[in-house]
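Worksheet: the structure to be examined is printed underneath.
The values are calculated or read from the model by the stated rules, or taken from the named source; none is laboratory data. Being a predicted model, the structure only gives us computed values, none of them experimental. Every residue, glycine as well, gets a Cβ built from its backbone with ideal geometry; the counts of neighbours run over all protein chains shown.
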Amino acid sequence: MDEVQNAESWETLARSLLNRGLDVFITGSSSRLLSREIATQLRGRSVSYLLLPFSFREYLTAKNISVETGLLEGLGRVKRELRNYLEEGGFPEIVLEEEKERILKEYVDLVFFKDFVERHKVRSITLARLLFNHIMQNFSRETSIRSLERKLSSEGARFNVTTLYRYVENLEDTVFVFFLRKFSLKAHERETWPRKVYLADTGLTRVFRTSPDYGRLMENTVFLHLLRESNKSPLLSFYYWKDYQQNEVDFLVKEGLRIKQLIQVTHASGKDEVDKREVKALLKAGRELKCKDLRVITWDYEDEAEIENRKIRFIPLWKQLLAGKST
């Protein structure tokens, strides 16, 4: 049953088929089909899986490239393909076809008009387009409803905050855009803004960006890697961390009640290129949250260092993505 969210009372049919002993596969491009929304409909008889474009390992497999990295020549090719993967993304059609820009533009238009505007009966196309473009251009960055309100108002849009909140929720429902919450020990504070913006595929940014920004592309790729890991580990959740002094850690990985890992992402190829502020924030968060697994995902720098009596692992992005698990 494909795009089932568009059909009324689909859950009644699904339950009926299950009661007959059939296996039922339900797909759709709506966050309402994720486990937290579907659980009450199928009364605990479902298993949900967030299907994303190709991972880097799947991308290499689709291009018939061995993931063996022991030889220098093989490692060099893996890195070249990783740069292509960051820029082009992992949609199967994009990986296997030549007209990548045209297809990506069609994907963007399809999501905007069909999944965002038409599905949610959006009235203000102008506001929707301004919001959509702004979000796409600011992937891997922090945003808030207030900052969105100021930005869109400055561009001539007329709306109230309630409408903006609704449009943002509708945009997230497309499963095309994700808003990562800031970590807090208080559950209600984790639901507030600001949040960080990530996209379902880095190739989509080609339609909007004017120059490569590999640091942000890498960060978005690590976000998607963590999403895939959460498919395998139901208790896995992740956030970003930021204190009142603006020290920030890109990802805080939590499993159940335990804060398992803290991750920074940087486009660094050597020790001297790693921003000291990122290391400082990582150390501070590690102390405050009592987390020992501290990692910096780099482009091409690998090491293990002890700083302020804490161990930090520096791991190249390709190695993190090709590992069996991110955690």
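Pairs only if they're at least six apart or on different chains, beta carbon under 6 angstrom, first in the stretch 1-12 and closer than 14 Å to SER48 by Cβ, second of a type outside the set (A, V, I, L, M, F, W, C); list them, first residue then second.
VAL4/GLY28; GLN5/GLY28; GLN5/SER30; GLN5/ARG32; GLU11/GLN41
Would you point out the residue of the stretch 240-286, among those that are in contact (Cβ under 8 Å) with a residue 12 or more places away in the chain, out of contact with any Leu (no Cβ under 7 Å at 6 or more places or on another chain) and loosely packed, with under 13 Cβ neighbours inside 10 Å, that is nearest to GLU191 (Cα to Cα)?
Of everything passing the filter in the stretch 240-286, ASP243 is nearest to GLU191 (Cα to Cα).
Please identify the pairs in which a residue from the stretch 149-161 that is part of a helix (DSSP H, G or I) has its Cβ atom under 9 Å from the Cβ atom of a residue that is among the aliphatic types (A, V, I, L, M) and at pLDDT 95 or above, counting only partners at least 6 apart or on another chain.
GLU149/VAL161; GLU149/LEU164; LYS151/LEU130; LEU152/LEU127; LEU152/LEU130; LEU152/LEU131; LEU152/LEU164; VAL161/ILE145
In the stretch 108-147, what count of residues is obtained for those that are of a type in the set (Ser, Thr, Tyr), part of a helix (DSSP H, G or I) and surrounded by 19 or more Cβ atoms within 10 Å (Cβ to Cβ)?
Matching residues across the stretch 108-147 total 0.
Against the condition under 24 Å from LEU227 (Cβ atoms), at pLDDT below 90, in contact with a Gly (Cβ under 9 Å, 6 or more places away or on another chain) and part of a loop (DSSP other than H, G, I, E, B), how does VAL47 come out, does it pass?
no
Scan the stretch 167-218 for residues that are in contact with a Lys or Arg (Cβ under 6 Å, 6 or more places away or on another chain), part of a helix (DSSP H, G or I) and farther than 21 Å from LEU104 by Cα and report the count.
1
Residues that are under 20 Å from the mean Cα position of the chain (by Cα): find the strands (runs of 3 or more DSSP E) completely inside the stretch 273-327 holding 2 or more of those.
Passing ranges, in order: 294-298, 310-316.
Out of the residues in the stretch 267-283 that are out of contact with any strand residue (DSSP E or B) (no Cβ under 7 Å at 6 or more places or on another chain) and of a type in the set (Asp, Glu), state the one that is farthest from ASN220 (Cα to Cα).
The extreme case among them is ASP272.
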